[in-house]
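Trainee: Take a look at the following structure, please.
Nothing in this text is a laboratory measurement; each read-out follows from the coordinates by a stated rule. Computed from a prediction, not measured in an experiment: that's the story for all the values here. Here the Cβ is made from the backbone with ideal geometry for all residues, glycine too, and neighbour counts use every protein chain on show.
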Amino acid sequence: MKKHIHVVGAIIENDKNEIFCALRNPHMVLANYWEFPGGKIEVGETSKQALAREILEEFNCSIEVNEKVEDTTYEYQEFIVRLETFKATIISGEPLALEHTEIRWVARHHLLELNFAPADIPSIKKLLAEK
């Protein structure tokens with residue numbers, strides 16, 4: 001029986017219509033994949049609370065979490081992940097790569113040029129269909 005993991009991801013857009021993306025480091029699960037930053041939901045947290053906490057912990061900035069974009073379940077070789085993505089806005093701080101190899105602001109139409117984790121792809125397709 002594969003482990004089920006429930007995670008959240010932030011789709012943070014700046015005033016240039018670029019989206020914040022993070023490259024997972026070589027020591028992380030799903031190493032060297034790009035992702036919408038976020039993480040696991042802890043016991044007692046809502047999805048939105050978990051997302052705000054994770055962005056503060058991993059990127060040293062505060063966000064306002066807005067509407068849900070996608071809710072995807074994806075089966076990887078070792079586990080099954082449920083990923084909820086939300087649009088979000090930075091309300092204080094500038095993102096710093098505290099745990100990730102690289103961070104980058106990417107134009108929406110260039111997102112698929114990055115090697116994103118498969119669970120993130122449905123959210124990207126939804127974003128591309130918006131504009």
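Trainee: For the range 19-62, compute Rh as the Kirkwood radius over C-alpha pairs and then the Stokes-Einstein diffusion coefficient at 25 °C and 0.890 mPa s; write the answer in µm²/s, rounded to an integer.
Mentor: Numbers: Rh = 11.2 Å.
Answer, rounded: 219 µm²/s.
Trainee: Using only the alpha carbon atoms of the chain, find the Kirkwood hydrodynamic radius as the inverse mean reciprocal pair distance, in angstroms to one decimal.
Mentor: Every distinct Cα pair counted, the radius reaches 14.7 Å.
Trainee: Ok, one more. What residues have an amide H closer than 5 Å to that of residue 69, excluding those fewer than 5 places away on the same chain, when H is modeled at 1.01 Å from N in the peptide plane?
Mentor: 85, 86, 87
Trainee: While we're on this one: Only Cα pairs under 8 Å and at least 6 apart count here; give the relative contact order of the chain as a rounded whole percent.
Mentor: 32
Trainee: OK, next. Per-residue ellipticity at 222 nm for the chain, helices alone: DSSP H runs ≥ 4 residues times -39500 (n - 2.57), over residue total, nearest 500 deg cm²/dmol?
Mentor: Value at 222 nm, helices only: -5500 deg cm²/dmol.
Trainee: May I ask you to work out the translational diffusion coefficient for the range 76-131 at 20 °C, viscosity 1.002 mPa s, via Stokes-Einstein with Rh from the Kirkwood sum over Cα pairs, reported in whole µm²/s?
Mentor: On the way: Rh = 13.7 Å.
Rounded, D is 157 µm²/s.
Trainee: Same structure again: What spacing in nm lies between the two simple spin-label points modelled at residue 32 and residue 4, each 7 Å away from Cα in the Cβ direction?
Mentor: For residue 32 paired with residue 4, the spin-label model returns 3.2 nm.
Trainee: Okay, next question. Taking Rh as the Kirkwood radius, which is the inverse of the mean 1/r over Cα pairs, what is the Rg/Rh value for the range 1-77? List each step's numbers first, then the result.
Mentor: Numbers: Rg = 13.1 Å, Rh = 13.7 Å.
Rg/Rh for the range 1-77 comes to 0.96.
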